Amino acid sequence: MRLLVFLTCLIWGTCSLAGDSLAGDSFASDNLLNNSGDMRQRLAACSSCHEYAGDSQQSYAPSIAGKPLEYLNQQLLNYREGRRLNSVMNTLLAYLGDDYLYEIAGYYSTLPVTDVPRNSSAVKQSSAEAIRGKTLVHSGITGPACSACHGNDLRGDGVAIPSLRGLSAKYIAAQLGAWRTNTRRARAPDCMKEVANMLTNDELSAVAQWIAHSFEEAATPQPNNVETPLPCGAHK
Ligand code: HEC
Ligand code: HEC
């Protein structure tokens with residue numbers, strides 16, 4: 001029912017702004033919304049899960065602030081076309097046009113990347129698991145290091161590789177699992193599918209937990225590699 005209301009208000013542009021709390025929103029998103037016509041209304045449905053500032057506070061829904069424009073646009077198309085499966089996102093985007101989605105991607109891409117670890121207050125990993133997670137991120141074990149593509153600070157490359165900051169462990173693990181089972185696909189060659197398949201189940205869990213808890217340890221930015229260690233169709 002809630003979904004139906006979202007959908008109706010998206011299509012007919014009748015989303016009510018009453019009761020929308022802007023309290024948690026950043027200065028950047030407020031400024032942008034005030035200068036961008038109908039964007040606030042357009043994003044009313046999205047903000048209940050992703051916030052106007054794109055820094056979702058929910059236990060699963062991902063942060064989307066500051067992810068690259070092309071990456072975000074590609075994900076919206078992926079949901080609309082069924083290359084990425086999630087019933088809420090598939091339904092919400094089913095009838096939205098290319099230009100409309102591109103403008104939404106543009107809005108979120110200009111916001112600052114969230115810097116709050118999503119699970120900072122959750123139970124910490126055991127030290128062995130944390131070492132394994134950190135090794136996977138910075139050195140790699142069977143496959144390449146995550147940082148080789150996502151950057152040493154995990155903020156992505158600003159072009160097609162997304163930031164991993166502010167994502168929950170549950171979401172990161174689910175995405176790696178989705179690549180393995182073909183319920184998430186990116187443009188071929190799909191390097192993330194290869195990366196996900198090179199992780200054991202324990203490694204998958206350790207790396208998801210480490211990123212969600214500890215990315216501040218990896219906060220030193222470094223120039224992003226132009227060459228990725230595996231070819232990525234998304235990174236053309
Ligand atoms: C009911 C909650 C909910 C609503 C409303 C919602 N989303 Fe989502 N969104 C999610 C969840 C959950 C995911 C991750 C799903 C998955 O596992 O693929 C997601 C994923 C995304 C992604 C991919 C993020 C990434 O990092 O790859 C984008 C972009 C996005 N949503 C944009 C939007 C937009 C734009 C709207 C409004 C039209 C919207 N969402 C409405 C819950 C929601
Ligand atoms: C060879 C380059 C490369 C390597 C290595 C790599 N990634 Fe990625 N990653 C990508 C690209 C490209 C995307 C965007 C894919 C798309 O367009 O859907 C991505 C997307 C992701 C996403 C989706 C983010 C979101 O917001 O939905 C997650 C999670 C992720 N990577 C985790 C990891 C982890 C964990 C590692 C290390 C074990 C890793 N990646 C290593 C290139 C890489």
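The values are calculated or read from the model by the stated rules, or taken from the named source; none is laboratory data. All values reported here derive from a predicted model rather than from experimental measurement. Cβ placement follows ideal geometry from the backbone for every residue including glycine, while neighbour counts extend to all protein chains displayed.
Quick notes
- Residues satisfying the stated conditions in the stretch 31-50, i.e. at pLDDT 85 or above and not hydrophobic (A, V, I, L, M, F, W, C): Arg40, Gln41, Arg42, Ser47, Ser48, His50
- Any hit, the stretch 117-133, residues being under 29 Å from Thr200 (Cα atoms), within 14 Å of the chain's Cα centre (by Cα) and not in a helix (DSSP H, G or I): yes
- Filtered residues of the stretch 185-236 (kept if acidic (Asp, Glu), touching a helix residue (DSSP H, G or I) at 6+ places or on another chain (Cβ under 8 Å) and at pLDDT below 90): Glu217
- Neighbours by Cβ (under 8 Å, 6+ apart or cross-chain): first from the stretch 69-82, in contact (Cβ under 8 Å) with a residue 12 or more places away in the chain and outside the structural domain of Ile104 (by TED's automatic domain parsing); second surrounded by fewer than 21 Cβ atoms within 10 Å (Cβ to Cβ) and not in a helix (DSSP H, G or I): none
- Cross-chain or 6+ apart pairs with Cβ under 8 Å, the stretch 181-201 first and closer than 22 Å to Tyr79 by Cβ and among the small types (Gly, Ala, Ser), then within 14 Å of ligand 1 (Cβ to nearest atom) and assigned to a helix (DSSP H, G or I): Ala186/Gln74; Ala186/Asn78; Ala186/Met192; Ala186/Ala234; Ala196/Leu176; Ala196/Gly177; Ala196/Trp179; Ala196/Arg180
- Condition broken by Thr91, with the remaining ones in (1) within 17 Å of the chain's Cα centre (by Cα); (2) among the β-branched types (Val, Ile, Thr); (3) over 19 Å from Pro162 (Cα atoms) satisfied: (1)
- Boolean, Asp98 is at pLDDT 95 or above, away from ligand 1 (no atom under 11 Å from the Cβ) and either over 22 Å from Leu33 (Cα atoms) or not hydrophobic (A, V, I, L, M, F, W, C) (or both): yes
- Taking the stretch 135-194 as the range and being among the acidic types (Asp, Glu), farther than 24 Å from Ala65 by Cβ and more than 16 Å from ligand 1 (Cβ to nearest atom) as the test, only Glu194 passes.
- When Ala28, Ala18, Ala53 are checked against the criterion of being under 21 Å from Gly156 (Cβ atoms), more than 11 Å from ligand 1 (Cβ to nearest atom), modelled with pLDDT under 95 and in a loop (DSSP other than H, G, I, E, B), Ala53 stands alone in meeting it.
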